[in-house]
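A short worksheet on the structure shown next.
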Amino acid sequence: MQPEFIIVHQQVATHVAHIQLNRPNALNALNLQLMTELKTALQTLDADDQVRAIIISGNEKAFAAGADITQMAGKSAIDMYNTDQFSTWDAIKKTKKPIIAAVSGFALGGGCELAMLCDMIVASETARFGQPEIKLGVMPGAGGTQRLTRAVGKALAMEMVLTGRFITAAEALQAGLVNRITPVELYLEEAIKLAKEIAGMSPLATKMAKEAVLKAFDSSLEEGLHFERKNFYLLFASDDQKEGMQAFIEKRAPRFTGK
Ligand code: CO8
């Protein structure tokens, strides 16, 4: 069945796939169906050998303005527990391939959390990041208090979470939340450029490197270093390691196959 709220573009030649959130009338508010479609698309792309890097974008006005407030408003705690809408987020988190969020306009609440669940963020100058849940009488629920704090530090995270203030793209860059900012007409192009660059590397190495960087967030230094070393050694079982190092020695571009 065709998804209703996302569009998936796949560039076979460059090994880059692009998922566009497409609920523009609601500023891409993340209702349950959209999140399920996103999860399914990511699982499919993660299993597809032709795909080596993934972009998630919205449109110029909004990456996503958060969870769908109208869908949540009348729910009880038991409804929330039974629906367990964060289980889709757990599945998205398991994506092994690098994901770049291309953010323009609003990235609020669950939208900011979704961008932070990605591995890198390319933002347009018009991007606005915020965790405004406090204004709705709740608080972030999909990683906002944890990933934001790790990205920007306690002072700014506390201010954003407790006041709901949106920060600009420039502030987000300065705080280390985003990788780079571009004029609005170039943000998607820039994200695609970055994705293509990553897709040119060994797909095995990028997956294992992503896994190891993420490990830094929930392990001690010793444990993380141990994990890193194991992945490093493991890559010597790959053709790509032989090819990458041989190509260096022969002064030519490597041809990575993911084997
Ligand atoms: N949910 C549902 N509909 C929304 C949402 C939303 N989060 N955001 C915007 N919309 C709708 C509006 O209701 C409006 O619909 P309509 O045209 O039918 O009235 C349409 O999108 C356009 O919005 P506005 O007219 O409000 O546009 P403005 O440019 O005037 O304002 C804002 C833009 C400032 C972004 C404003 O829309 C706003 O404040 N939106 C809500 C932002 C927010 O509070 N987000 C947090 C939601 S809670 C959350 O994310 C909890 C996370 C938990 C985990 C996530 C699980 C998926």
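Confirm whether Asp84 is within 12 Å of the ligand (Cβ to nearest atom) and assigned by TED's automatic domain parsing to the domain that holds Gly109. Full working, then the answer.
Numbers: within 12 Å of the ligand (Cβ to nearest atom): yes; assigned by TED's automatic domain parsing to the domain that holds Gly109: yes.
Judged against the criteria, Asp84 is a match.
Would you pick out the residues in the stretch 101-114 that are more than 12 Å from the ligand (Cβ to nearest atom) and not hydroxyl-bearing (Ser, Thr, Tyr)?
Keep residues of the stretch 101-114 that are more than 12 Å from the ligand (Cβ to nearest atom), which gives 101-104.
Within the stretch 101-114, Ala101, Ala102, Val103 qualify.
Determine which member of the set Lys61, Lys94 is in the same structural domain as Ala191 (by TED's automatic domain parsing), within 11 Å of the ligand (Cβ to nearest atom), surrounded by fewer than 19 Cβ atoms within 10 Å (Cβ to Cβ) and not β-branched (Val, Ile, Thr). Walk me through how you get there before you give the answer.
Values: Lys94 fails: within 11 Å of the ligand (Cβ to nearest atom).
Going through Lys61, Lys94 in turn, the sole match is Lys61.
Do we find that Cys118 is farther than 18 Å from Pro3 by Cβ, touching a helix residue (DSSP H, G or I) at 6+ places or on another chain (Cβ under 8 Å) and within 16 Å of the ligand (Cβ to nearest atom) in this structure?
The answer is no for Cys118.
Condition first: without any contact (Cβ under 8 Å) to a residue 60 or more places away in the chain, surrounded by fewer than 22 Cβ atoms within 10 Å (Cβ to Cβ) and within 16 Å of the ligand (Cβ to nearest atom). Now tell me which residues in the stretch 20-33 satisfy that.
Asn22, Arg23, Pro24, Asn25, Ala26, Asn31, Leu32, Gln33
Hey, Thr36 hits all of (1) within 11 Å of the ligand (Cβ to nearest atom); (2) crowded, with 19+ Cβ neighbours inside 10 Å but one; which does it fall short on?
(2)
Do any residues in the stretch 158-175 that are under 20 Å from Ala65 (Cβ atoms) have Cβ atoms under 7 Å from those of residues that are part of a helix (DSSP H, G or I) and among the small types (Gly, Ala, Ser), where the two are at least six apart or on different chains, and which pairs are they?
Val161/Gly144
Name the single residue, out of those in the stretch 70-79 being within 24 Å of Leu27 (Cβ to Cβ) and more than 10 Å from the ligand (Cβ to nearest atom), that is surrounded by the fewest Cβ atoms within 10 Å (Cβ to Cβ). Can you show your working first?
So the first thing to find is which residues in the stretch 70-79 are within 24 Å of Leu27 (Cβ to Cβ), and the list is 70-75, 79.
Add one more test, that the residue is more than 10 Å from the ligand (Cβ to nearest atom), and what stays is 74-75, 79.
On the way: Gly74: 7, Lys75: 13, Asp79: 11.
Looking at residues that are within 24 Å of Leu27 (Cβ to Cβ) and more than 10 Å from the ligand (Cβ to nearest atom), I get Gly74.
For the structure I just gave you, tell me whether Gln146 is within 16 Å of the ligand (Cβ to nearest atom) and crowded, with 21+ Cβ neighbours inside 10 Å.
On the way: within 16 Å of the ligand (Cβ to nearest atom): yes; crowded, with 21+ Cβ neighbours inside 10 Å: no.
For Gln146, the condition - within 16 Å of the ligand (Cβ to nearest atom) and crowded, with 21+ Cβ neighbours inside 10 Å - is not met.
Could you tell me which numbered condition Lys135 fails, if it satisfies all but one of (1) within 8 Å of the ligand (Cβ to nearest atom); (2) touching a residue at least 40 places away in the same chain (Cβ under 8 Å)?
(2)
The values are calculated or read from the model by the stated rules, or taken from the named source; none is laboratory data. A quick note: this is a predicted structure, and the numbers were derived from the prediction, not measured. Positions of Cβ are backbone-derived with ideal geometry, glycine not excepted, and every protein chain shown enters the neighbour counts.
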